[in-house]
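Here the structure is laid out as structure tokens; the discussion comes afterwards.
The values are calculated or read from the model by the stated rules, or taken from the named source; none is laboratory data. All figures in this text were calculated on a predicted structure; none of them were measured in a lab. Methodologically, a virtual Cβ is constructed for each residue, glycine included, from the backbone with ideal geometry; neighbour enumeration extends over all protein chains shown.
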DNA sequence: CTAAACTTTTTAAAAAAATTAAAAAGATTT
DNA sequence: AAATCTTTTTAATTTTTTTAAAAAGTTTAG
């Protein structure tokens, strides 16, 4: 589709509209370089001039944007139980509704075929021609080798990599990324400005994921295992974790642990509006906590306090500009905030917490879907140019 | 002294001798650029061609080095009780002996003047002319603002910054850096190759310092507080830490804690060769442990195990290529290794430890002195050129 | 209210640096 | 021993940045 000036397209995608000056800063390239590049992109009908912006005492700059329907991205956000799919245009706007359906990742041989069928259905339903789609960005839990395109934990594919397998079936390029990593990228690119440079982004989900933005880059460690926040050995509770170890943070603080605690509490006769459910799900607890049920609030607060203890450790080591609560659980962000802040204050050296802002994401449940988009944008340079080769004269 | 090509000088200093190709890789600049730059430096008598190196099937490259006596650096390594000074040439060789003297940092109004006197004495004793010295690199504990040149914990100077105050008195440029940070830089530049890109460097000293190398850069966090390993809240022992909190790692695992435990143990009647000392110092414990004293080995092992517990957390979060044990305490590195490794294995998710190498520094007690040198080299670009301005024609 | 002074953006010209291509020097293979 | 292959060095070309100048606004002073 486009081969040159990928860096300009990336910067324009993330900023939505920008002046030549903005683009020069965002890409780290000189103004003449950017000027030439944008002129080329305008000629190719990929970028258009939007208009003139106000200025604070000087010439008004021309501003540019990507043309919305130049291309479309398919974002697939998976968790252990549910998958969502949405089509996104070049102005980062959702096109059509978000498709949501159940898809169990554990012990499900059919998962990969179900996923492919849903992606293909989405393409067809959209009515858009196949060649308008740039790529599919899949985000999901598990240990993911984004470079090779494999998930070592879920969705094994025979012989070839997961990404090539799916790509063949959907006839589109496919990129894959870990859910927490993708959420961190989404927060960095589309979230609060304090998440841009040095930020710890917590994915409150079935586990407790962490994506680290260090010096404006996502950090994955030497072999891709960095950010294993969920398995920090902080508790002497003897509870066995899925990882095989005991006392991991997630045995006390994940949504799964919260579900288990609620079920156990109700069995012990706790008074709560949760009794009306046959089996209590995390969603039920969130709902009732929002309505003010004391028991639901209490077990969430307890979990939050443990997370805050873990964050205190993160603060000592990383001294980030911000900690962002994101992911599924962040829709009840306000409920987590105060016990987390309290635990951080209690466990940090004096004044340390004053240097880090704790905030709830403004992207809510869209974070992972936007993360899938980011995954595609970051890999744009890998898309082979579909050149129509003209005959030599 | 030299204004252009500082990047080449830096690369040459760290590699000691290098071909044009090596320098191109190390500096990230093109070969023509490096070729031109080195030719200029040779003309200025800063660099000389050393000879021709063997090659694996191709033309033999010319190799270059800095000229040893072009300039000299004064490195000052301080800890809570003792300060060391040495002069280092442009080939990273110590010139003359390392000066060592007692200098208490706590509650000592005279500390700063004593320090200045010793630096000046070193200059005079060397017999080298003042203008041959490039700068003084001071490394010491405390929270240091390297950019402003202040130490917020020790050596307060009135009105002006610590660095300007000392610079005036010694009539040389002065740079300052935190001891653990400087040790990490020394390990990265002069130590084991596994410490180059992603490494956690532990400074086993009166506290337990940490310097983090992330993506080939030292990482200090958003406001300079990153790497507070010593104060990780890992213990529920009720012991008050110097930071004002309770249960910090250093209350169990620093050399100070080890001293306290030994003294207490002897009072309880432990059998040990340590009984022969009036008051037991960390050095005594190290000596006797090396000689095989069971009690000394035991309390060091206990501390090591706690450090290993802390390192397990670091492994989960950072997934580094290596962990390097450095600093004063690393001279008994072998004694720490096995309990640390054991604690790491016990507290990490399965297989995680296989991705990180644990090693003892090969720089030993010189690490901090070399760190002072690195501090100067990294700030070389700040040295104002002493140009002899010629009259316009 | 208008002209001068100041800011910011855009365009143009010059300089710097990187990329590509070619040549040189040596090691390895046939 | 000649031909082939590697690596380093030099040269030519292209790309990119830096610097300077011009253009288009805003703000301030009289």
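What the table below lists for this structure:
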| quantity | calculated |
| --- | --- |
| Residue, surrounded by the fewest Cβ atoms within 10 Å (Cβ to Cβ), within the stretch B:355-364, restricted to residues that are free of Cβ contacts under 8 Å to residues at least 60 places away in the same chain and within 14 Å of chain A (Cβ to nearest Cβ) | B:355 |
| Odd one out for residue A:235, checked against (1) over 14 Å from the mean Cα position of the chain (by Cα); (2) in a helix (DSSP H, G or I) | (2) |
| Residue list for the stretch A:235-275, filter: more than 22 Å from residue A:181 (Cβ to Cβ), touching a residue at least 24 places away in the same chain (Cβ under 8 Å) and within 14 Å of chain B (Cβ to nearest Cβ) | A:235 |
| Selection status of residue A:17, in contact (Cβ under 8 Å) with a residue 40 or more places away in the chain, within 14 Å of DNA strand C (Cβ to nearest atom) and surrounded by fewer than 20 Cβ atoms within 10 Å (Cβ to Cβ) | yes |
| Any pair with Cβ under 9 angstrom, 6 or more apart, that starts in the stretch B:48-64 at a residue that is assigned by TED's automatic domain parsing to the domain that holds residue B:20 and ends at one that is part of a loop (DSSP other than H, G, I, E, B) and more than 9 Å from DNA strand D (Cβ to nearest atom) | B:48/B:67; B:60/B:54 |
| Candidates A:35, A:54, filtered to the one that is at pLDDT below 95 and within 16 Å of DNA strand C (Cβ to nearest atom) | A:54 |
| Qualifying residue in the stretch B:120-135 (condition: closer than 19 Å to residue B:182 by Cα and surrounded by 14 or more Cβ atoms within 10 Å (Cβ to Cβ)) | yes |
| Residues located in the stretch B:323-354, provided they are more than 23 Å from residue B:193 (Cα to Cα), at the interface with chain A (Cβ under 9 Å from one of its Cβ atoms) and assigned to a helix (DSSP H, G or I) | B:346, B:347 |
| Residue in the stretch A:194-217 that is farthest from the other protein chains (Cβ to nearest Cβ), counting only those that are outside any loop (DSSP other than H, G, I, E, B) and surrounded by fewer than 20 Cβ atoms within 10 Å (Cβ to Cβ) | A:194 |
| One residue from B:131, B:107, B:97 being over 27 Å from residue B:242 (Cα atoms) and at pLDDT below 95 | B:131 |
| Set A:312, A:304: member being in contact with a helix residue (DSSP H, G or I) (Cβ under 7 Å, 6 or more places away or on another chain) and within 14 Å of another protein chain (Cβ to nearest Cβ) | A:312 |
| Residues of the stretch A:218-232 that turn out to be surrounded by fewer than 24 Cβ atoms within 10 Å (Cβ to Cβ), within 16 Å of the chain's Cα centre (by Cα) and within 8 Å of chain B (Cβ to nearest Cβ), as a count | 2 |
| Test for residue B:320: is it within 14 Å of chain A (Cβ to nearest Cβ) and at pLDDT 95 or above | yes |
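Residue-by-condition table, conditions (1) closer than 30 Å to residue A:203 by Cα; (2) surrounded by 17 or more Cβ atoms within 10 Å (Cβ to Cβ); (3) within 16 Å of DNA strand D (Cβ to nearest atom):
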{"site": "A:24", "(1), (2), (3)": "no, yes, yes"}
{"site": "A:42", "(1), (2), (3)": "no, no, no"}
{"site": "A:48", "(1), (2), (3)": "no, no, no"}
{"site": "A:54", "(1), (2), (3)": "no, no, yes"}
{"site": "A:69", "(1), (2), (3)": "no, no, no"}
{"site": "A:72", "(1), (2), (3)": "yes, yes, no"}
{"site": "A:75", "(1), (2), (3)": "yes, yes, no"}
{"site": "A:81", "(1), (2), (3)": "yes, no, no"}
